Amino acid sequence: DASDTEKGTYDHFMLKEIDEQPFVIRKIIQEYQDEQDNIKVDGNIRAAMLDADRIYIIAAGTSYNAGLVGKQVIENIAGTPVEVHIASEFSYNMPLLSKKPLFIFISQSGETADSRAVLVKTKSLGHPSITVTNVPGSTLSREADYTLHLYAGPEIAVASTKAYTAQIAVLTILAVDTATEKGIKLNFDPLQELGIVASVMESLTDQKERFAKLAKEFFTGMRNAFFIGRSTDYFVVQEASLKLKEISYIQAEGFAGGELKHGTIALIEDGTPVIAISTQENVNYSIRGNVQEVSARGANTCVVSMEGLEQESDNIVLPRVHPLLTPLVSVVPMQLLAYYAALHRDCDVDKPRNLAKSVTVE
Ligand code: G6P
């Protein structure tokens, strides 16, 4: 399919790849489903997951951010403890490993040298490994015991978008498969919930003009920006800030709402953009308190909430999805805001300065 590696009617690969996300989610549902509409995962991977007493996720960049969400999903659904580690830091401060560790490498390209270095090390210690990648046949895919394919299609833009959501979706499927094998009963239908996610993604990518306008309103002339969230939303604000800094060169940070008063709030000036995400009922009240605190100090606040938790002044209200799957949809406005912020600033969206699509040196 030529459309995979060509921009077609799009000005940038990044926007095309943002738009492809609903299709990728549907593709993943299809690829990991059997004739009876049950989730199917390779038998060896299933056995490795069941055997593990603890999972160690190793990744870099956006894949690391997806791993943070993956941890929450796997622990909640499958009940296996998970640690997430930045690949480049792992060897300096290697955690004490459990009796039966399983290593999961998340890597869009499958070529990240820092992740590979960890794989070489853990393999030499005799530990089992799975690579979750968009490129089967890549180095990490060949060298790990097993591979889980993302089915996202080639990702060309340096800033990763569809790989992030594909990684979360595939880890969700993996978690559900493990839960089923363990006899854990789920109170929701995961494939149906992922189908809802795909439709919600579509409703968001259909509103590009709105996000272009918001990006202009919040980021024009700005040197820095902050993203805040609690719980699940804290993981997404880290990805949101990475997206913005990568392509717009605005210095951006993602903070846990509760950490604001421990230092960050000192950075708030008149007009500083603060984007808050609120998709979880148990933190809605507290994160809104944080929004008020920064707003009282002059911040220009933008609130993205989930239907059912919204307030009238919210800038974006996301249609409802399952609470564990909110990162799959709350990240889409963040990707679009970053895209339009970069565009308004005349940045080279697909090829930001100093960055490479895959970093093959340690
Ligand atoms: C580079 C890319 C990022 C990516 C990271 C990890 O820094 O610019 O977009 O998230 O590498 O890449 P991987 O292929 O291992 O997911």
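The values are calculated or read from the model by the stated rules, or taken from the named source; none is laboratory data. All values reported here derive from a predicted model rather than from experimental measurement. Counting neighbours? That spans all protein chains shown, and the Cβs are built from the backbone with ideal geometry, glycine included.
Of (1) within 22 Å of the chain's Cα centre (by Cα); (2) closer than 17 Å to Asp42 by Cβ; (3) surrounded by fewer than 21 Cβ atoms within 10 Å (Cβ to Cβ), Glu89 satisfies all except one. Which?
It fails just one condition, (2).
Quick check on region 168-177. Is at least one of its residues acidic (Asp, Glu), buried (at least 20 other Cβ atoms within 10 Å of the Cβ), at pLDDT 95 or above and away from the ligand (no atom under 13 Å from the Cβ)?
Yes; the residues of region 168-177 include at least one that is acidic (Asp, Glu), buried (at least 20 other Cβ atoms within 10 Å of the Cβ), at pLDDT 95 or above and away from the ligand (no atom under 13 Å from the Cβ).
For residues in region 226-264 being away from the ligand (no atom under 16 Å from the Cβ) and without any contact (Cβ under 8 Å) to a residue 12 or more places away in the chain, which is farthest from Ile74 (Cα to Cα)?
Ranking the qualifying residues of region 226-264, first place goes to Gly263.
Out of Glu181, Glu202, Glu193, Glu209, which single residue is surrounded by fewer than 23 Cβ atoms within 10 Å (Cβ to Cβ) and closer than 24 Å to Ser313 by Cβ?
On the way: Glu181 fails: closer than 24 Å to Ser313 by Cβ; Glu202 fails: closer than 24 Å to Ser313 by Cβ; Glu193 fails: closer than 24 Å to Ser313 by Cβ.
Exactly one of Glu181, Glu202, Glu193, Glu209 is surrounded by fewer than 23 Cβ atoms within 10 Å (Cβ to Cβ) and closer than 24 Å to Ser313 by Cβ, namely Glu209.
Taking only region 44-77 into account, find how many residues are in contact with a Leu (Cβ under 8 Å, 6 or more places away or on another chain), aliphatic (A, V, I, L, M) and in a helix (DSSP H, G or I).
So the answer is 8.
Which condition breaks for Tyr249 when tested against (1) among the hydroxyl-bearing types (Ser, Thr, Tyr); (2) closer than 18 Å to Arg230 by Cα; (3) surrounded by fewer than 17 Cβ atoms within 10 Å (Cβ to Cβ)?
(2)
Would you check if there is a residue in region 140-154 being within 16 Å of the ligand (Cβ to nearest atom), surrounded by fewer than 16 Cβ atoms within 10 Å (Cβ to Cβ), touching a residue at least 60 places away in the same chain (Cβ under 8 Å) and not aliphatic (A, V, I, L, M)?
There is at least one residue in region 140-154 that is within 16 Å of the ligand (Cβ to nearest atom), surrounded by fewer than 16 Cβ atoms within 10 Å (Cβ to Cβ), touching a residue at least 60 places away in the same chain (Cβ under 8 Å) and not aliphatic (A, V, I, L, M).
Check region 58-71 and report whether any residue there is in contact with a Gly (Cβ under 6 Å, 6 or more places away or on another chain) and modelled with pLDDT of 95 or more.
Yes; the residues of region 58-71 include at least one that is in contact with a Gly (Cβ under 6 Å, 6 or more places away or on another chain) and modelled with pLDDT of 95 or more.
From Asn315, Asn300, Asn290, grab the single residue that is of a type outside the set (D, E, K, R), buried (at least 23 other Cβ atoms within 10 Å of the Cβ) and touching a residue at least 60 places away in the same chain (Cβ under 8 Å).
Asn290
Within region 17-43, can you find the residues that are in a helix (DSSP H, G or I), surrounded by 14 or more Cβ atoms within 10 Å (Cβ to Cβ) and away from the ligand (no atom under 16 Å from the Cβ)? Working first, answer last.
Within region 17-43, the subset in a helix (DSSP H, G or I) is 17-19, 21-31, 43.
Of the ones still in play, those that are also surrounded by 14 or more Cβ atoms within 10 Å (Cβ to Cβ) are 17-19, 21-29.
Across region 17-43, the qualifying residues are Asp19, Pro22, Phe23, Ile25, Arg26, Lys27, Ile28, Ile29.
Filter region 61-85 down to the residues that are of a type in the set (A, V, I, L, M), more than 12 Å from the chain's Cα centre (by Cα) and within 16 Å of the ligand (Cβ to nearest atom) and list them by number.
Val84
Condition first: within 13 Å of the ligand (Cβ to nearest atom), under 21 Å from Leu68 (Cβ atoms) and surrounded by fewer than 24 Cβ atoms within 10 Å (Cβ to Cβ). Now tell me which residues in region 99-115 satisfy that.
Ser109, Asp114
So is Arg46 in contact with a strand residue (DSSP E or B) (Cβ under 6 Å, 6 or more places away or on another chain), more than 16 Å from the ligand (Cβ to nearest atom) and basic (Lys, Arg) or not?
No.
Assess whether Ser91 counts as being modelled with pLDDT under 95 and either closer than 20 Å to Val170 by Cβ or of a type in the set (S, T, N, Q) (or both). It would help to see each step written out before you state the result.
Details: modelled with pLDDT under 95: yes; either closer than 20 Å to Val170 by Cβ or of a type in the set (S, T, N, Q) (or both): yes.
So Ser91 fits the description; yes.
Only one of (1) within 9 Å of the ligand (Cβ to nearest atom); (2) touching a helix residue (DSSP H, G or I) at 6+ places or on another chain (Cβ under 6 Å); (3) not basic (Lys, Arg) fails for Leu119. Which number is that?
Of (1) within 9 Å of the ligand (Cβ to nearest atom); (2) touching a helix residue (DSSP H, G or I) at 6+ places or on another chain (Cβ under 6 Å); (3) not basic (Lys, Arg), only one is false for Leu119: (1).
Regarding region 111-119, can at least one residue be identified that is over 25 Å from Gly195 (Cα atoms), polar (S, T, N, Q) and in a helix (DSSP H, G or I)?
yes
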